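Since the structure comes first, as structure tokens, the remarks are kept for the end.
Read-outs throughout are calculated quantities, based only on the coordinates presented, and are distinct from any laboratory measurement. Note that the structure is a prediction, hence the values are computed from the model and not measured. No Cβ is skipped: glycine too gets one built from the backbone with ideal geometry, and neighbour counts run over all protein chains shown.
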């Protein structure tokens, strides 16, 4: 099968869409498919990746010229199925999806964002663009993301839930162990006893430092958690990720008196993220509008108890008191951090469960559901290319 993935955002930019498309493409290629990516994200030349940037002086993923080039490029692309990945602001994805579907190419659109608070905007765009009236197969990454999309598309349109995939056995190899590598990097051993004589509990966060991910709320929760703990226990927060708010966050941490309890690691490659998760005691995800939360899922599979907000997609693989602690508001987030730091028996129980119980979102099932979406897209357009004789996309 010839599969074209279309995404405004792709590596080397880091995020949930970027990592999912890269991992999905790699596994589909391993299954014997011809897979390529069309993106407007700038980056190095790579095999199987077409970057729409050659004639544009401004190198940015959200470039109107790239969107026009992407639509025009469909005349030269021979694909059995076009799989488009969108958030809220994804002009390349939306317009290529419309053009591909109008040309009779089987088209699947996966929504990776939680469309909460943008109903009027997305409904207006749909009224103008007509995406809901085309034979597109719509998928989302969680039940939480499905609800707002169904309100926009209408009750007659099916919305399939296909979660992001994870290789749990790979993350399980990071079983909790003593490590000589410092979680904080730069030679700082965060596991050394603090002033009160006890070792700080290391809490990891992997996130883009943007307003949507709520890093300021996380720092406030850390301060409140330490207030609840007093001198009983110390928390050290290690944040992996970069973004437009990093310098402001570092200044904010100093202003709020928590700079000594936070280490900003910046953007980390995946192997260093693995090392961080392997040496941390817990994981925290403060975002309230997270459609899925792949970083939290990877942490859960690595055995870490996850402290997260209950309003997003994280709740679909983290149950309260089973894989972690779910919080309804920021005060509960602070109390959850304090509890996970104070209660070693709770951390051990959640850790043992997360390492031994299989999550439902393994790659084998995800790839199978993706193939079914491709078959449905072929049936919707009357095409045979997406349903003909081809290697199965389902792999272990």
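Per DSSP H run of n ≥ 4, the term is -39500 (n - 2.57); total these for the chain, divide by its residue number, and report the mean residue ellipticity at 222 nm rounded to 500 deg cm²/dmol.
Theoretical 222 nm ellipticity from helices: -12000 deg cm²/dmol.
Calculate, in nm to one decimal, what residue 45 and residue 251 gain on full extension: separation in residues at 0.36 nm each, minus their alpha carbon distance.
Working: separation 206, 0.36 × 206 = 74.16 nm, distance 3.67 nm.
Full-extension gain reported as 70.5 nm.
Between residue 124 and residue 73, how high is the FRET efficiency from 1/(1 + (r/R0)^6) when r is the Cβ-Cβ distance and R₀ = 22 Å? Nearest 0.05.
Values: r = 27 Å, r/R0 = 1.23.
Efficiency computed from Cβ-Cβ geometry: 0.20.
Calculated FRET efficiency, residue 267 and residue 212, Cβ-Cβ r, R0 25 Å, to nearest 0.05?
With R0 = 25 Å, the Cβ-Cβ based efficiency is 0.90.
Return the tail of the calculated pair distribution for segment 251-396, meaning the percent of Cα-Cα pairs more than 19 Å apart.
Working: 6620 of 10585 pairs.
Of the Cα pairs, 63 percent sit more than 19 Å apart.
Just check segment 168-356 against the gyration tensor rule for me: Cα atoms, a ≥ b ≥ c as the square roots of the eigenvalues, rounded for a/c under 1.5, and otherwise prolate or oblate depending on whether a/b exceeds b/c. Walk me through the numbers before you get to the answer.
Details: a/c = 1.18, a/b = 1.08, b/c = 1.09.
The shape class here is rounded.
What is the distance, in nm, between label points placed 7 Å from the Cα along the Cα-to-Cβ direction at residue 322 and at residue 89?
Calculated label separation equals 3.7 nm.
List 294, 162, 340 from most exposed to least, where exposure is judged by having the fewest other Cβ atoms within 10 Å. If you can, show how the numbers build up before the last one.
Values: 294 23, 162 20, 340 26.
Fewest to most other Cβ atoms nearby, the residues stand as 162, 294, 340.
By how many nm would the segment from residue 357 to residue 310 grow when fully extended, if each residue of separation counts as 0.36 nm and the alpha-carbon distance is taken off?
Stretched fully, the residue 357-residue 310 segment lengthens by 14.8 nm.
Given N residues in the chain, what is Rg(Cα) / (2.2 N^0.38 Å)?
Working: Rg = 21.8 Å, N = 396, 2.2 N^0.38 = 21.4 Å.
The reported ratio for this selection is 1.02.
Express as a percent, rounded to the nearest 5, the fraction of DSSP beta bridges in segment 1-154 (both residues included) that run antiparallel. Don't skip to the end; give the middle numbers.
Working: 1 of 24 bridges.
Of all bridge pairs located within segment 1-154, approximately 5 percent are antiparallel.
Between residue 134 and residue 344, what is the spin-label point distance in nm, taking each point 7 Å from the Cα along the Cα→C-beta axis?
Reported label-point gap for residue 134 and residue 344 is 5.8 nm.
What does the C-alpha gyration tensor say about the overall shape of segment 216-281? Classify as rounded when a/c is under 1.5, otherwise prolate if a/b is larger than b/c, or oblate.
oblate
Take 111, 273 and order them by how many other Cβ atoms sit within 10 Å, fewest up front.
Final ranking by Cβ density, sparse to dense: 273, 111.
Once you sort the root eigenvalues of the Cα gyration tensor of segment 298-367 as a ≥ b ≥ c, which label holds: rounded (a/c under 1.5), prolate (a/b larger than b/c) or oblate (the other case)?
Numbers: a/c = 3.09, a/b = 1.41, b/c = 2.20.
Taking the square roots of the gyration eigenvalues as a ≥ b ≥ c, segment 298-367 is oblate.
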